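Please read the structure below before turning to the comments.
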Amino acid sequence: MRQNAKLRRNFHLIALMLLVLGFCTQAAEAQKKVTSPEEFFGFQLGSDRKIARWDKIVDYYKLLEKESGKLKVINMGPSTMGNPFIVVIISSPENLANLDRLQEVNARLSDPRGIPESEIKKLVKEGKAVMCQSMSLHATEIGGAQMAPELTYDLLTRNDEETHQILDSVVFFLIPSFNPDGQIMVTDWYNKTLGTEYEGAGLPWLYHLYAGHDNNRDSDFINLTESVYAAKIMFRDWIPQAYIDHHHMGSSGARLYIPPYCDPIRPYADPLIWREHSWYGAHIAYKLEEAGKSGILNAAQYPGWGHFGWHWITPFHNIAGMLTESASARLASPLYIHPEQLRGGARQFPAYEAQTNFPNPWPGGWWRLRDIVEQQKISAWALLDLAARNKETVLWNAYLKAKRQTERGDQGNPKAYVVPINQHDSLTAVKMINTLLLSGIEIKQAMKTFTVNNAIYPQGSFLISLAQPKMGLIRNLIGQTFYPDNEWTRDDDGSPSRPYDLATHTMNEFMGVRVDPINEAIEGDFQILAGQVPVAGKVESGGDGYVLDGRLNDSFRAVNLLLDKGISVRRMDKAVSGLRPGDFIVSGGKEAILKDVAGETGVDFKALKNRIKEGTHQVQKPRIGMYQRYYGGNMDEGWTRLLLEKFSFPYTSLLSEEIKKGDLIKKYNVIILPDDSAGMIMGEIPARFRRFISAVPPEYRSGIGKEGVEALKTFVDQGGTLVTLGEASEFAIEKFELGVRNIIENLDSKEFFCPGSTVRVNIDNTHPLAYGMPSEGLVLYRSSPAFAITSSQDSEKYETIVRYQKRDLLQSGWLIGEEHLSDMPAMVNVRHDNGQVVLIGFRTQHRCQTHGTFKLLFNALIR
């Protein structure tokens with residue numbers, strides 16, 4: 001008995017010692033030195049005229065990972081220009097040690113199909129709220145990347161109940177810079193101009209190598225390296241319950257926009273999404289007012305129907321995707337704003353006066369980067385705080401959104417979409433499927449032929465059921481879409497209000513891929529795709545050369561690779577022996593090279609059964625120059641560079657001075673003028689923008705001037721091809737004195753309005769510029785020029801390649817006044833002396849997205 005009592009006393013003593021040891025360990029962790037941002041960087045982040053550079057920011061997060069057990073740094077890989085793209089996970093040490101299980105719980109709540117509600121309730125109790133926030137996607141909007149280290153430090157070092165609750169209840173994914181390359185560019189540029197008359201001036205070139213400001217328009221097509229990383233985190237590996245993308249806006253309005261959005265809203269999101277925006281936004285607003293911040297605006301300026309950037313597409317992933325927009329300083333230099341310079345005028349913010357969603361106007365004065373850092377940090381913290389206080393509500397709503405969207409898809413019409421494998425361009429159809437897979441959409445592939453409504457779909461076709469959590473995303477990406485025409489989208493005088501970007505983002509229409517909506521249940525043998533659909537072309541033997549299908553976009557890539565290897569390629573000019581105009585004939589070349597090209601591009605090299613003796617021409621390796629300007633760069637030029645690289649077209653960027661020097665025909669046979677105004681091409685800057693130009697050093701001011709115009713005329717006279725995209729066509733019409741006019745130029749928006757919509761056209765695919773195209777198709781019209789041929793003396797030199805159809809032009813988007821486009825030219829080729837000028841009015845290569853019209857540009861480059 002005494003021995004048992006002694007054992008019990010010893011057991012209690014050991015337990016007490018272990019408890020004390022645990023407390024000591026926690027205390028030691030709490031007291032462990034964590035380096036503050038000010039210590040590490042040598043200044044308070046947000047200080048006047050100081051910016052922390054990305055390499056140092058990355059080093060700081062790596063140091064914090066060593067100093068604290070509450071943080072994990074993931075290097076997703078190199079950015080577009082080779083800098084580290086990191087994601088930082090912040091949570092309690094216990095949660096970080098249990099990430100695999102928490103990820104599994106999160107995945108099941110995000111897609112609860114087949115899980116009983118009793119199990120869901122257990123998962124809600126076990127799980128943690130997953131929050132994501134990203135910073136400085138637009139690199140000149142520097143506040144977020146400067147704020148994030150402070151936010152991180154506070155989460156690691158604050159020892160209050162609120163912070164502990166956040167760390168215990170939330171797994172926080174932080175993207176400290178969505179654009180590391182741009183962050184470095186802007187920091188270096190700012191430091192270069194610091195202390196000069198050009199201090200605080202904008203970067204002269206694009207702050208993303210390809211996309212510039214448009215990197216926030218890539219969360220649907222996921223073309224950019226950084227987009228691939230973000231989609232992996234948010235759309236597939238971890239689907240957060242809420243997400244905020246922190247931005248800047250202009251300087252003369254509210255100090256900070258916060259959620260929710262204003263009207264109109266885009267359809268097919270679960271209603272809880274819009275309620276969550278108000279819920280989170282109210283807490284953010286309360287915390288900002290509590291902290292004494294003024295000039296806070298919500299439910300105005302930014303509509304719920306916007307572009308498909310990260311904060312606007314996430315609601316259709318069942319993520320409460322939100323936005324903050326801080327008033328800008330001059331990068332890190334302070335800006336003084338007089339009271340009379342402050343104004344409203346944005347959506348649902350008519351005047352700079354107090355109203356219910358703007359109760360505390362900022363009075364004016366000095367505005368600093370530090371102000372931006374502070375208000376963004378309060379906003380970012382408030383999101384985490386509300387999620388932590390209501391963790392189970394957040395997770396239960398994640399389940400409800402997924403469940404209800406699945407039920408809507410199952411009960412509504414259409415019930416599914418079928419993507420046939422037999423397409424005009426089958427490889428582009430596979431690209432679309434692989435792009436949708438990057439967004440975490442469930443797609444099945446038919447193992448056998450199946451029939452729906454007497455339509456027979458071959459083996460290999462794809463089925464996308466709407467009975468899945470991302471129903472709303474699917475409806476918006478591959479379903480016909482109409483922008484609302486109502487009181488939210490018209491001014492008081494009836495003028496239409498321009499959408500925030502495009503009026504539709506229908507992927508299949510952009511890509512020229514047939515997608516069939518199905519209103520009934522589909523039976524068949526299907527298999528869920530577990531990963532990207534592989535493509536690998538084959539090289540057939542037993543022929544006299546090889547044929548590449550000219551209808552495939554990727555055949556152009558294959559041809560470029562072959563020409564680069566010195567392999568002869570010819571092109572069909574007429575239909576012969578089953579071949580079509582535009583098909584490519586390959587002669588010679590080592591079999592190993594051909595197999596490599598086929599494997600890389602997915603293009604089949606089909607055996608040529610009979611030698612073709614006539615009706616072909618030799619394809620020359622293109623020598624392409626493309627105009628590149630300063631003044632912040634031209635996003636259309638950047639995207640076009642990316643497109644050319646994706647399809648292995650060789651090109652050279654042409655600056656103003658090289659064009660002015662002339663002798664262009666010696667280096668180039670094609671010159672591209674990307675979409676731009678005549679004034680920007682010429683360097684004739686409108687008066688309202690001249691004050692911005694004077695803030696830029698002279699060596700970064702561009703424009704080809706009269707000398708450049710004469711050089712381009714000589715280039716065309718000597719046999720060159722000038723390709724003008726979008727608004728650049730008006731430059732060519734004016735400066736080359738072409739017998740063409742823009743028929744919609746002076747129309748009032750109440751007469752004609754088409755802001756980013758897919759429109760039906762007829763295509764003359766017997767013309768070399770349209771080889772490989774279908775005879776009918778869709779083009780993306782975005783405030784584009786449309787043409788009328790006015791020349792009478794030499795009208796035979798004017799050829800219409802693409803013409804708008806006569807009626808029922810609109811496929812998706814918004815079109816007012818279709819009669820102005822009816823039966824009018826959309827793409828014109830003008831034979832000019834020994835060369836030609838190609839006018840493409842619509843958006844033939846928009847953001848590397850409009851695959852369905854790529855060939856209309858490619859054909860102008862490979863002749």
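The values are calculated or read from the model by the stated rules, or taken from the named source; none is laboratory data. These figures come from a predicted structure and were not determined experimentally. Note that each Cβ is placed from the backbone with ideal geometry, even for glycine, and that neighbours are counted across all protein chains shown. What goes into the accessible areas is simple: the full protein's heavy atoms, side chains included, and nothing from ligands, DNA or RNA. Shrake-Rupley method; radii C 1.70, N 1.55, O 1.52, S 1.80 Å.
Straight-line reach from LYS660: taking Cα to Cα under 13 Å and skipping same-chain neighbours fewer than 8 places apart, the aspartates and glutamates in range are GLU707, GLU710.
For segment 513-552, the fraction of 1.4 Å probe accessible surface lying on carbon and sulfur atoms is 46 percent.
Note that segment 504-640 carries a Kirkwood radius of 18.0 Å, evaluated over its alpha carbons pair by pair. So for segment 256-323, what percent of the C-alpha to C-alpha distances run longer than 17 Å? The calculated P(r) of segment 256-323 puts 37 percent of pairs beyond 17 Å.
Over segment 443-525, what per residue volume does the convex hull of the Cα atoms give, in whole Å³? List each step's numbers first, then the result.
Values: hull volume 11.0 nm³, N = 83.
With only Cα atoms used, segment 443-525 gives 133 Å³ per residue.
Net charge in the neighbourhood of MET322 (other residues with Cβ under 9 Å of its Cβ; Lys, Arg +1, Asp, Glu -1) is -2. Computed log10 I(q)/I(0) for segment 674-806 at 0.12, 0.21, 0.22 Å⁻¹: -0.62, -1.43, -1.48, from the Debye equation with unit scatterers placed on every C-alpha and solvent omitted.
As a fraction of the 1.4 Å probe accessible area of segment 321-433, surface on carbon and sulfur atoms comes out at 49 percent. Bridgeable lysines around LYS574 (alpha carbons under 24 Å apart, same-chain partners fewer than 8 residues away excluded): LYS606, LYS609, LYS613, LYS621, LYS797, LYS855. If you sort the three axes of the alpha carbon gyration tensor as a ≥ b ≥ c, you get a/c of 1.5 or more for segment 133-216 and a/b no higher than b/c, which makes it oblate. Peptides 83-96, 603-616 ranked from most to least packed by the mean count of surrounding Cβ atoms within 10 Å: 83-96, 603-616. Convex hull volume of the C-alpha atoms in segment 647-712, normalised per residue: 115 Å³.
Please figure out what share of the DSSP beta bridges in segment 566-684 is antiparallel and state it in percent, rounded to the nearest 5.
On the way: 8 of 15 bridges.
Just about 55 percent of them are antiparallel.
Taken over segment 370-449, the percentage of Cα pairs per 5 Å bin, counting from 0 up to the bin with the maximum distance, is 3, 10, 11, 13, 13, 11, 10, 10, 8, 7, 3, 1, 0.
For segment 61-219, averaging the sequence separation of C-alpha pairs within contact (under 8 Å, six or more residues apart) and dividing by the residue count gives a relative contact order of 26 percent.
Is segment 183-295 best put as rounded, prolate or oblate by its Cα gyration tensor, with a ≥ b ≥ c the root eigenvalues, rounded for a/c under 1.5, and otherwise prolate when a/b is larger than b/c, oblate when not? Taking the square roots of the gyration eigenvalues as a ≥ b ≥ c, segment 183-295 is oblate. Charge tally for VAL124 (other residues, Cβ to Cβ under 13 Å; Lys, Arg +1; Asp, Glu -1): +3. Of the solvent-accessible surface of segment 149-236, computed with a 1.4 Å probe over protein heavy atoms with every protein chain present, carbon and sulfur atoms account for 49 percent. Ordered by solvent-accessible area of protein heavy atoms (1.4 Å probe), largest first, the residues TRP312, TRP279 come out as TRP279, TRP312.
Within the full protein context, the accessible area of CYS262 is estimated at about 10 Å² for a probe radius of 1.4 Å. Would you mind checking LYS232/LYS646; LYS565/LYS666; LYS72/LYS377; LYS72/LYS293 for any pair whose Cα atoms are more than 24 angstrom apart? From the list (LYS232/LYS646; LYS565/LYS666; LYS72/LYS377; LYS72/LYS293), the Cα-Cα distance tops 24 Å for LYS72/LYS293. Remark: the Cα gyration tensor places segment 771-863 in the oblate category, a/c being 1.5 or greater and a/b not exceeding b/c. For segment 726-795, the relative contact order comes to 40 percent (Cα pairs under 8 Å, sequence separation of at least 6). Most simply put, the chain has about 65% antiparallel DSSP beta bridges, counting only bridges with both residues inside it.
Taking 8 Å as the Cα distance limit and 6 or more residues as the minimum spacing, I'd like the relative contact order of the chain as a percentage. Numbers along the way, then the final one.
Values: 1867 pairs, mean separation 90.5, N = 863.
Here the relative contact order equals 10 percent.
For a straight C-alpha distance cut-off of 16 angstrom, the aspartates and glutamates reachable from LYS750 (same-chain residues fewer than eight places away being disregarded) are ASP485, GLU487, ASP491, ASP492, ASP493, GLU818, GLU819. Take each peptide in 297-303, 819-825, count the other Cβ atoms within 10 Å of every residue, and average; sorted highest first, the result is 297-303, 819-825.
Calculated accessible area for the chain comes out at 39 Å² per residue, all protein chains present (probe 1.4 Å; ligands, DNA, RNA ignored).
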